[in-house]
Amino acid sequence: MKPDERDPRELFAEGERDLRQFLAAVAQVRATCVPLAKPGHAYTCLEDWLLKHGASMTHGAKWTAGELAVIRRLRKQVRPRLKQCFNNCQVALMRCEERLTYCEGYVSSVIPIYHAWLLVDGKLWGPYDGAVSARSSTAGVLWRGISNGPRL
């Protein structure tokens, strides 16, 4: 059976487990080799924080006509630069609608990559810079991060 033929829920669970193991290993190395946390801090590093508070997500939601209109406008207004995901997403947020939410975390397809992406009305939209292949629209890619929360 090819990976693409497997149940998306199975792929998501497998990706979630693998990404959690990666984040835990990085957090452990950072805590022992390069202690960043000061006494009294609740987290040793970003990866430790993501393990405790990050949300896992994957593509799969259907777009409404309104959401597709937002994405079309975004593509016209902001030309993303290759390998500039953080800048691309922040510029898009400043220039475009309130329906966007900025997220940072790790995306995992082959290897975990620290990355930024956008949500449109709470639905995952990425990649926005070409750092992750077009394959990222499949269920086998897992995104784990934290959003900037409700817009003010």
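The values are calculated or read from the model by the stated rules, or taken from the named source; none is laboratory data. This is a predicted model, so every value here is computed, not measured. Cβ sites come from the backbone with ideal geometry, for glycine too, and all protein chains shown count toward neighbours.
Quick check on GLU67: is it part of a helix (DSSP H, G or I) and closer than 16 Å to PHE22 by Cα?
The answer is no for GLU67.
Regarding TYR114, is this residue assigned to a strand (DSSP E or B) and surrounded by fewer than 20 Cβ atoms within 10 Å (Cβ to Cβ)?
The answer is yes for TYR114.
I want to confirm something. Restricting to region 77-120 and keeping residues that are acidic (Asp, Glu) and closer than 21 Å to HIS59 by Cβ, which single residue is modelled with the lowest pLDDT?
GLU97
Here are some residues: LEU51, LEU19, LEU74, LEU11. Which one is part of a helix (DSSP H, G or I), within 22 Å of the chain's Cα centre (by Cα), at pLDDT below 75 and within 27 Å of THR101 (Cβ to Cβ)?
LEU11
Where residues in region 45-71 are of a type in the set (D, E, K, R) and buried (at least 17 other Cβ atoms within 10 Å of the Cβ), which of them is nearest to GLY145 (Cα to Cα)?
Once the filter is applied, the top-ranked residue is GLU47.
What tally of residues in region 72-91 results from selecting those that are touching a strand residue (DSSP E or B) at 6+ places or on another chain (Cβ under 6 Å) and either surrounded by fewer than 20 Cβ atoms within 10 Å (Cβ to Cβ) or touching a residue at least 40 places away in the same chain (Cβ under 8 Å) (or both)?
2
Would you pick out the residues in region 90-107 that are within 11 Å of GLY145 (Cβ to Cβ) and not charged (D, E, K, R)?
Matches in region 90-107: THR101, TYR102, CYS103, GLY105, TYR106, VAL107.
Any idea which of ALA37, ALA24, ALA42, ALA31 is hydrophobic (A, V, I, L, M, F, W, C), surrounded by 13 or more Cβ atoms within 10 Å (Cβ to Cβ), more than 19 Å from SER108 (Cα to Cα) and modelled with pLDDT of 70 or more? Even if it seems obvious, please write down each step before you answer.
Details: ALA37 fails: modelled with pLDDT of 70 or more; ALA24 fails: more than 19 Å from SER108 (Cα to Cα); ALA42 fails: surrounded by 13 or more Cβ atoms within 10 Å (Cβ to Cβ).
Going through ALA37, ALA24, ALA42, ALA31 in turn, the sole match is ALA31.
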